[in-house]
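Asks: Next up is a structure, given as structure tokens.
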Amino acid sequence: MNVNINVHHVTRIEGHGNIIVKVENGQVKETRWEVPEAPRFFEAMVRGHYYTDVPYLASRICGICSIAHTFTSLQAIENALGIELSEEALNLRKLLLHAETIQSHILHVGYLALPDFLGVPSVVPLASTHKEQLLTVVKLHKLGNEMCDAIGGRTTHPVNTVVGGWTSVPDSSVLKAFQQRLREAVEDVKALAKLFQSLDIPDFKRETEYIALYKDDEYAFYGGEIASSDEARRTPIKDYQKKIEEFIVPYSTAKRARSLRNSYMVGALARFNISYEKLSPFALEIADQFGLKPICYNTFMNNVAQLVEVAHAVEDSIRLIDLLLQKPPKASWYDGKPRAGRGVGAVEAPRGLLIHDYTIDEKGYVVEANMVVPTNENHQNIEEDLKAYLPQLLDKPKEEITLRLEMLVRAYDPCVSCSTHLLEIEWK
Amino acid sequence: MKPKVAIFEFGCCEGCQLQLVNLEERILDLLELVDVVPWREARSEYQEGPYDVTFVEGSITREEEKERLKKIREESKVLVALGACAHLGGVNCNKNVFDQNEVRRYVYGEMAEWFPSIPAMPLSAVVNVDYALPGCPIDKEEFLELVKSILLGKKFRLPNYPVCVECKKAQNLCVFDKGLFCLGPVTRAGCGARCPSFGARCIGCRGLVDDPNLEAHKEVMQERGLVLDDVLKKYRLFWGYLEVVR
């Protein structure tokens, strides 16, 4: 059997990527994952800018996780300048990050991945076949977005989150209203979980390393230490280069990364595998319904791990709002003099571990920058998964192989605008 | 027959397309009126041109993209630049002040030559653009207004006054009085002075108003403590392609 597949620009992902597959006489000759997207050189372009302007630029790395990029950037700067955030300002950041996680995970699970599982090319036909379920998806997506809008000032590219704090904070009435909607959202998450339980999620396993932030006292999204499923040792964020090695391949504009193995995975499944015990009771309940337990090596279950995290984000947001109502944050930010130094920030973006590393000079200008973004970290793991999955599919028709490979890539929720941009399969 | 609408992207964060997804159920209403193909971010279906209306986000950052954009232009009756990257070159132009080889080496090291790149530019530097929807990201309500205007054959006009006008209407405390450096006096309104309304400064994402008084603005910024080079760096955040910051 000879099969040549070139899927150019895999659709329903945020960015461009190509899958290149070559099979001759039933033998796989080539399996490649290419990212041809135009590189934008953010690390180079932030240099020379004053530190207060850099988070606004960093936000523009990704339209889908702009809040995660903003916070990572702010954290790096705050670490460089030795600024400590107040507890309530930090709680508000955690709440806004949850809002983005809800928005981003629901976008992926509901709008981009669900059509695959229901056998349609986009979310549009679901308006007539699965109206009720689609309205649930819309409702949750809206909730995440409207929280981003009200708390961060805009759904995409937040405006009021600045070095050392906030230029504005939401009224308690706004927070209370969201808390009520979050309570109602519990039933919506349950309904969505029920829908996914009825779907046929492919059974595919390949052992790999999972890397995510870890904290003793909570399911880590904001800060922590770098943890791995392959070792007990944890790495402080500032030493990330001791844990992660970035490298480049000629056929792809996005960087790649590896650690203890040839590749590793970041994102919802990685966090789930590493911080399972820290999940909220409701999130554990949803995981239980799928029989999902760490360590899970099935990449397709990343979709389910995202649902579990939506449950966690909803429940933990309710808790955070209680804290914010007890101890409201104030509109205040850092107004002091800059100083020279280096700072590293790390946040779990929806798609995984995100790191910004800046060096600032004594006048406050950023002079060096490095950024490690989740989809880049996953590229090598995507390619390894494709290599392992393809031989299991060779008895199927070409269309089905293509769809399955695309679904595997989409399970990562790849966002190639971060890593530069992504998805074309090219059957060669 | 429903008008055929296409959405394409070049170098950008795709946040503008995301605003279309964020229309949520209203997108289905829109799809009653137009047929949106291709739309790679949300759908797998693809249809070849010509298209009645084409939305393009992102800026041009590679030589071969110019040809692709010219082809899109030929196939499109109406071409709309979607968001700051397509409209102004946007944040991507912040790399233009560096030597492009140095920029490539800084990010890709020894492998720099594998990654060709040219100074970033807006769509209008390569082709004729019929409408530009400003903002980083675009405002989804303004997007709907533009779509309605195009479908009904009405004129679509952006406000031609600065953000300050909307900021005063919103009764915000002047951002300068909080010790921040605001680009609102010279930036085109239409956002409802969103950033100042959230206590922050305007960073100019919607581009310059027609005939801005830049000399006066530069003076104010300098009186408040910035040196000229710092003023230009703030202009460069979104206006790097414009003469005024070069």
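Asks: What's the angle, to the nearest 10 degrees (0 to 90), between helix A:172-197's Cα axis and the longest principal axis of chain A?
Replies: 10 degrees
Asks: So how far apart, in nm, are the two label points at B:E219 and A:D230 if each is 7 Å from Cα heading toward Cβ?
Replies: 6.4 nm
Asks: Another question, if that's okay. At q = 0.13, 0.20 Å⁻¹, work out log10 I(q)/I(0) for the range B:4-152 with the Debye formula, treating every Cα as an identical point scatterer and leaving solvent out; two decimals please.
Replies: -0.59, -1.23
Asks: Using the Karplus curve 6.51 cos²θ - 1.76 cosθ + 1.60 with θ = phi - 60°, work out ³J(HN,Hα) for each residue of the range B:67-73 in order, rounded to whole Hz, and write x for Gly and Pro.
Replies: 5, 4, 5, 4, 5, 4, 4
Asks: Follow-up question, since we're still on this one. GNM on chain A, C-alpha springs below 10 Å: top fluctuator among A:A127, A:A99, A:A388?
Replies: So, out of A:A127, A:A99, A:A388, the one fluctuating most is A:A127.
Asks: Something else now. Summing -39500 (n - 2.57) over the DSSP H runs of n ≥ 4 in chain B and dividing by its residue number, what mean residue ellipticity at 222 nm do you reach, to the nearest 500 deg cm²/dmol? Show your work: numbers first, answer last.
Replies: On the way: 10 runs with 89 residues, N = 246.
Result for chain B: -10000 deg cm²/dmol, rounded to the nearest 500.
Asks: Given the alpha-carbon gyration tensor of the range B:163-245, what are the semi-axes of its equivalent ellipsoid in whole angstrom, ordered largest first, with each equal to the square root of 5 times an eigenvalue?
Replies: In descending order the semi-axes read 19, 15, 11 Å.
Asks: A:S280: net charge of surrounding residues, Cβ under 15 Å, Lys/Arg +1, Asp/Glu -1, itself excluded?
Replies: Working: positive: A:K94, A:R183, A:K190, A:K215, A:R271, A:K278, A:R319; negative: A:D217, A:E218, A:E277, A:E285, A:D288, A:E309, A:E315, A:D316, A:D322.
The answer is -2.
Asks: If the reach is capped at under 17 angstrom between alpha carbons, list the aspartates and glutamates near A:K176, excluding any in the same chain fewer than eight residues apart.
Replies: Correct list for A:K176: A:E88, A:E146, A:D149, A:E184, A:E315, A:D316, A:D322.
Asks: Sticking with this structure for a sec: Name the residue, out of A:V138, A:V373, A:V174, whose mean-square fluctuation peaks in a Gaussian network model built on chain A with Cα pairs under 10 Å.
Replies: Answer for the Gaussian network model of chain A: A:V174.
Asks: For the range A:307-352, treating each Cα as an identical point scatterer without solvent, what Debye log10 I(q)/I(0) comes out at q = 0.29 1/Å?
Replies: Listed by q, the Debye log ratios stand at -1.04.
Asks: Mind scanning A:K330/B:K234; A:K142/B:K169; A:K94/A:K215; A:K190/A:K327; A:K142/B:K95; B:K66/B:K234 and naming the pairs with a C-alpha gap bigger than 23 Å?
Replies: Values: A:K330/B:K234 27 Å; A:K142/B:K169 28 Å; A:K94/A:K215 14 Å; A:K190/A:K327 31 Å; A:K142/B:K95 35 Å; B:K66/B:K234 28 Å.
Flagged as over cut-off: A:K330/B:K234; A:K142/B:K169; A:K190/A:K327; A:K142/B:K95; B:K66/B:K234.
Asks: Treating cross-link reach as a plain straight distance, find the aspartates and glutamates whose alpha-carbon is under 14 Å from the alpha-carbon of A:K243, omitting any fewer than eight places away in the same chain.
Replies: A:E209, A:E225, A:D230, A:E231, A:E377
Asks: Work out from phi, with θ = phi - 60° and the Karplus expression 6.51 cos²θ - 1.76 cosθ + 1.60, the ³J(HN,Hα) of each residue of the range B:186-191, listed in order in whole Hz, and give x for Gly and Pro.
Replies: In residue order, the calculated couplings are 10, 8, 5, 6, x, 9 Hz.
Asks: Once phi is turned into ³J(HN,Hα) by the Karplus curve 6.51 cos²θ - 1.76 cosθ + 1.60 with θ = phi - 60°, what whole-Hz value does each residue of the range A:326-332 show in order, with x for glycine and proline?
Replies: My calculation for the range A:326-332 gives 5, 10, x, x, 10, 6, 8 Hz in order.
Asks: Report the rotationally averaged projected area of the range A:182-287 based on its alpha-carbon convex hull, in square nanometres.
Replies: Details: hull surface 37.4 nm².
For the range A:182-287, averaging the hull's shadow over all directions gives 9.3 nm².
Asks: Which value, in nm² and rounded to one decimal, describes the direction-averaged projected area of the C-alpha convex hull of the range A:319-395? Mind dumping the intermediate values first?
Replies: Working: hull surface 38.1 nm².
If I average the Cα hull's projected area over directions, I get 9.5 nm².
Asks: Let me ask you something else. When the Debye formula is applied to the Cα atoms of the protein assembly as shown, each taken as the same point scatterer, what base-10 log of I(q)/I(0) results at q = 0.08, 0.09, 0.10, 0.11 Å⁻¹?
Replies: After summing over all Cα pairs, the log10 values are -0.55, -0.71, -0.90, -1.12.
Asks: For chain A, what is the mean residue ellipticity at 222 nm derived from helices alone (per DSSP H run of n ≥ 4: -39500 (n - 2.57); sum divided by total residues; nearest 500 deg cm²/dmol)?
Replies: That comes out to -13000 deg cm²/dmol.
Just so you know, all these numbers are worked out from the coordinates, no wet-lab data involved. As the structure is a computational prediction, the values presented were derived from the model and not from experiment. Virtual Cβ from ideal backbone geometry, glycine too; neighbours counted across all protein chains shown.
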